[in-house]
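Readers should treat all values here as calculations from the given coordinates under stated rules, not as data from a laboratory. These numbers were taken from a predicted model, which means no experiment stands behind them. Cβ sites come from the backbone with ideal geometry, for glycine too, and all protein chains shown count toward neighbours.
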Amino acid sequence: MNTTHNSPKVTAPPQIDRLQAKLLPDNQRVRVTLVLNNVECRPTLELSLLDEKQMEIARSTIIGTFNTLVSFTLHLGQHSPNDRLFLQAVVFLNDNEFSDSKKVPVEVGSR
């Protein structure tokens with residue numbers, strides 16, 4: 001008798017393919033775009049907006065995402081309009097195991 005076992009498909013942990021942040025003209029919101037290469041495990045995303053001193057001024061958590069493209073507007077807390085801002089994204093697997101992270105400067109258009 002020939003039996004075959006279906007072994008679970010092993011996939012690579014999710015990685016950030018692209019992370020972009022752009023300050024909107026009102027200087028109170030940042031448009032965030034994040035692209036993941038794999039969401040089979042429905043990862044959790046932690047996004048933090050940081051000032052020049054690496055102090056957090058805004059945060060968003062997305063639990064169990066199933067979209068490879070995540071795009072939303074992050075509303076800013078108190079910050080100096082002259083501060084250089086950074087967006088940091090961290091990807092966790094379901095068991096809070098670290099998978100990937102990326103940090104980018106927030107793009108500023110003409111004011």
Task: Kirkwood Rh and Cα Rg combined as Rg over Rh, evaluated for the stretch 55-111 - done: 1.00
Open item on the list: Taking the Cα centre as origin and putting +1 on Lys and Arg beta-carbons and -1 on Asp and Glu beta-carbons, what dipole magnitude results for the chain, to the nearest 20 debye?
Closed with: 280
Open item on the list: If I compute mean projected area of the Cα convex hull in nm² from the structure I just sent, which labelled value in (i) 10.4; (ii) 8.1; (iii) 7.2 lines up?
Closed with: (ii)
- [ ] Place +1 on the Cβ of every Lys and Arg and -1 on the Cβ of every Asp and Glu in the chain, take the dipole about the Cα centre, and give the residue among 62, 106, 87 whose Cα lies farthest towards its positive end.
- [x] 106
